[in-house]
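The values are calculated or read from the model by the stated rules, or taken from the named source; none is laboratory data. Bear in mind the structure is a predicted one, so any value in this text is a computation, not a measurement. Backbone-built Cβ (ideal geometry, glycine too); neighbour counts: all protein chains shown. Surface areas here come from the heavy atoms of the whole protein model, side chains and all, with no ligands, DNA or RNA. Shrake-Rupley method; radii C 1.70, N 1.55, O 1.52, S 1.80 Å.
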Amino acid sequence: MTGTQELSVARQAVAGARRVVVKIGSSALTSLKGGLDHARLDWLVDAVEARMRAGSDVVVVSSGAIGAGLAPLGLSRRPRDLATKQAAASVGQLALAHAWGTSFARYGRTVGQVLLSADDFARREHHRNAQRTLDRLRSLGAVAVVNENDTVATEEIRFGDNDRLAALVAHLVGADALILLSDVEGLYDGDPRKGDANFIPEVRSSADLDGVIAGSGGVLGTGGMASKLSAARLAADAGVPVLLAAASAAATALSSGTVGTAFAARSVRLSARKFWVRHAADSRGAVQIDDGAVAAVANCRRSLLAAGITGVRGRFHGGDVVDLIAPDGRLVARGVVEYDADELSTMLGRSTAELPDTLQRPVIHADDLVKV
């Protein structure tokens, strides 16, 4: 894209965003032989600093903790077992935080490290606490550098990659844009290394992704194009425009937004509660519903009543998030359930009039339902 071409709505939104989340991949910061690349990190900080001096608040989501710990521990490749990953992260997180702090100190800025786990998003109170911490760091003039807490995360509670973490953080802080920087220049419909892939400069709707084949990550990271595409769609669905670009083009990505692939955001941003229900909260069970209930909750945005429920799976409690399953097995919605599983099992298929007064509330209120 040249400077003379008119910017798309998504690129204009990224270029003019007041609050920006910038995710930087492992491959942009580390190497297997040398650990952290301090010169490259300084160059990336220069680009972030330029954006902040232009008037934007920037939150950095940094990968690289495990990669930064490999060389100091004498490891020649990214470990596969959890204990060694956590050991590498414990060494690398210290080095990574120090490197970010030292680099931003060149501009007189203070850095605050924020380590998050998937549980911090799944639990509503933890979610709000993380939000308050990030907001307070910003109000105090510090730069928040966020990373997954790899030293304690288990395989069952991991984000899986920092691309998804960045998308969740973007919604958490009310970002106006998300910029994903890695070793790829944007989205292709196949593997560009094979020579027959087409570059996709704009993603305005899911139709633009027809035929796209996304692969997994490289030797230093866990993401790859599949995770970046998933994170971009998650953020865009939440109302946050996304730019996917190469870290080598960081200065341009953070200034004009004229590089990479831009993802348009949905016109209406999900509320914090509905975003949490749809994307962040853990499902504690499932409620099977009939075709009439599917039409009511998925198409008409109505509350779920006991009359439309045919089955209950799992041991959940009132206030938990559950999946709503159609007769053909499809996941059609998620919502915050009002009743315990045992209590709900006694209500299956019964109309409101047939239930005692204490059980006449909707099983899931329309305000707590999100179509998926």
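Straight Cα distances below 19 angstrom link residue 85 to the lysines 33, with same-chain residues fewer than 8 positions distant left out.
In whole percent, how big is the carbon plus sulfur part of the accessible area of the chain, probe 1.4 Å, protein atoms only?
49
In this calculation the C-beta distance from residue 361 to residue 52 is compared with R0 = 35 Å, giving a FRET efficiency of 0.15.
Dipole of the chain computed with +1 at Lys/Arg Cβ and -1 at Asp/Glu Cβ about the Cα centre; of 50, 241, 192, farthest Cα towards the positive end is 50. Shape of the stretch 62-143 from its Cα gyration tensor (a ≥ b ≥ c, root eigenvalues): rounded if a/c is under 1.5, otherwise prolate when a/b > b/c, or oblate? Oblate is the answer for the stretch 62-143, as a/c is 1.5 or above yet b/c matches or exceeds a/b.
Shown is the FRET efficiency for residue 351 and residue 210, computed with R0 = 41 Å from the Cβ-Cβ distance and rounded to the nearest 0.05: 0.40.
Between residue 268 and residue 326, the modelled label-to-label distance comes to 2.1 nm, taking each label 7 Å out from Cα in the direction of the beta carbon.
Once you keep just the Cα pairs under 8 angstrom separated by 6 or more residues, what percentage relative contact order results for the stretch 20-147? Intermediate values should be presented prior to the final figure.
Details: 183 pairs, mean separation 33.7, N = 128.
Here the relative contact order equals 26 percent.
Given the DSSP H assignment, sum -39500 (n - 2.57) over each helix run of at least 4 residues in the chain and divide by its residue total; what's the result at 222 nm in deg cm²/dmol, nearest 500? Each step should come with its number before you reach the end.
Numbers: 12 runs with 118 residues, N = 372.
Calculated mean residue ellipticity at 222 nm is -9500 deg cm²/dmol.
Solvent-accessible surface of the chain, taken per residue with a 1.4 Å probe and all protein chains present: 45 Å². When the Gaussian network model of the chain links Cα atoms closer than 10 Å, the mean-square fluctuations of 188, 107, 339 top out at 107. Just so you know, the averaged projected area of the alpha carbon convex hull for the chain sits at 20.1 nm². Candidate cross-link partners of residue 194 among the aspartates and glutamates, defined by an alpha-carbon separation under 17 Å and a same-chain spacing of 8 or more, comprise 183, 185.
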